[in-house]
Amino acid sequence: MQEFFSQENKCLSAALRWAAQQKLPRLEAQMLLLHCLGRSPQDRAWLLTHDDECLTATQAANFQALCQRRLQGEPMAYLTGEKEFFGLPLQVDKRVLDPRPDTETLGEWALELLPPASPARVADLGTGSGAIALAIQSQRPQASVTAVDASAAALEVASANAQRLQLPVQCVQSSWLEQVQGRFDLIVSNPPYIREDDPHLPALHHEPRQALTSGADGLEDIRRIATQAPAHLEAGGWLLLEHGWNQAEAVQGILQAAGFQAITSRRDLGGQWRCTGGMVWGSTQVPIQP
Ligand code: GLN
């Protein structure tokens with residue numbers, strides 16, 4: 001630890017050696033170092049060939065501070081201010097949940113339900129950084145996508161991302177569908193679903209609690225969404241929900257009780273049942289083909 005902070009040695013190799021001594025994973029240390037140097041996280045090869053270059057005192061202090069925050073469990077995305085989701089570079093900070101790769105399951109399912117030139121109306125409830133809404137809008141330019149969040153602070157993040165990526169997603173402040181007008185062909189949501197007594201919660205204390213927990217069984221918000229969604233879905237429209245690894249059966253039951261049909265669940269990249277969806281059936285329209 002001393003070596004790196006001595007005034008004499010601030011070269012990149014010393015910085016990385018110091019981070020390794022602090023037990024920071026090498027890839028994370030490299031990404032934080034690149035961030036302090038104002039370089040792209042893709043520039044790791046550059047680091048290897050320039051490891052005798054030196055940091056300024058300010059860069060060295062920044063690197064040290066970022067490493068320490070990482071060691072205290074803060075998500076990488078908050079430290080670098082950026083996370084890639086579905087190939088989109090999103091800006092994220094502590095106003096929103098750090099988008100998880102697991103959530104790509106929900107995004108992929110949504111895209112399967114939307115033909116490429118689909119002019120469908122889509123709502124993303126609890127959009128946070130806008131990750132799912134923006135992923136859908138970028139892949140389905142003709143869809144009309146509404147990003148909903150109860151948190152004004154989260155919506156600021158989502159709408160800044162939409163603007164930067166030049167994606168015409170509409171942002172609406174609402175608790176689930178309460179303030180949302182009209183009907184949709186598809187409603188997706190990655191709502192809070194962690195039980196209030198879940199032992200993993202302390203490890204997530206950097207992220208907004210309201211984006212994580214949902215009552216004693218973690219299902220309160222999912223129940224609310226399932227109850228509200230049928231009145232906001234076109235006949236043949238789908239509701240897709242992300243949920244906890246052990247909640248698929250419970251969510252299927254909730255969707256069934258709310259009148260959904262064709263209910264199925266899907267696994268995430270880690271093999272856990274992560275999403276459950278269902279369709280509301282009406283007699284006048286053909287469903288979107290799954
Ligand atoms: N998947 C996240 C976690 O378990 C939780 C996300 C959420 O509650 N929507 O860390």
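Coordinate-derived values only; no laboratory data. Since the structure is predicted, the reported quantities are computational estimates derived from the model, not experimental observations. So basically every Cβ, Gly included, is an ideal-geometry build from the backbone, and we count neighbours across all protein chains shown.
Some notes on this structure:
- Size of electric dipole in the range 171-224: Cβ of Lys, Arg +1 and of Asp, Glu -1, about Cα centre, debye, nearest 20: 180
- The H on the amide N of Leu90, modeled in the peptide plane, is under 5 Å from the matching H of Lys83, Glu84, Phe85, each at least 5 residues off or on a different chain.
- Under DSSP loop assignment and at most 13 Cβ neighbours within 10 Å, longest GluC sites (Glu not before Pro)-free interval of the chain: 54-177
- Using a cutoff of 8 angstrom between alpha carbon atoms and counting only pairs six or more residues apart, the relative contact order for the range 1-143 works out to 17 percent.
- Kirkwood hydrodynamic radius over Cα pairs of the range 56-107, then Stokes diffusion coefficient at 25 °C and 0.890 mPa s, in µm²/s: 200
- Residues whose amide H lies under 5 Å from that of Gly237, counting only those 5 or more places away or on a different chain, are Val280; hydrogens are built 1.01 Å from N in the peptide plane.
- From phi via Karplus (6.51, -1.76, 1.60), per-residue ³J(HN,Hα) for the range 47-55 in Hz, x at Gly/Pro: 4, 4, 8, 10, 6, 9, 6, 10, 8
- Here the Karplus relation 6.51 cos²θ - 1.76 cosθ + 1.60, evaluated at θ = phi - 60°, turns the backbone of the range 168-185 into coupling constants of x, 6, 8, 9, 10, 8, 6, 7, 6, 9, 4, 9, 9, 9, x, 10, 10, 8 Hz, with x for every Gly and Pro.
- For the range 194-208, 3J(HN,Hα) per residue [Karplus equation, 6.51 cos²θ - 1.76 cosθ + 1.60, θ = phi - 60°, Hz, x = Gly/Pro]: 8, 5, 5, 9, 5, x, 7, 4, x, 5, 9, 5, 7, 9, x
- Sorted ascending by nearby beta carbons within 10 Å, beginning with the fewest, Cys54, Cys275 become Cys54, Cys275.
- Of the residues Trp18, Trp245, Trp46, the one that moves most in a GNM of the chain with alpha-carbon contacts below 10 Å is Trp46.
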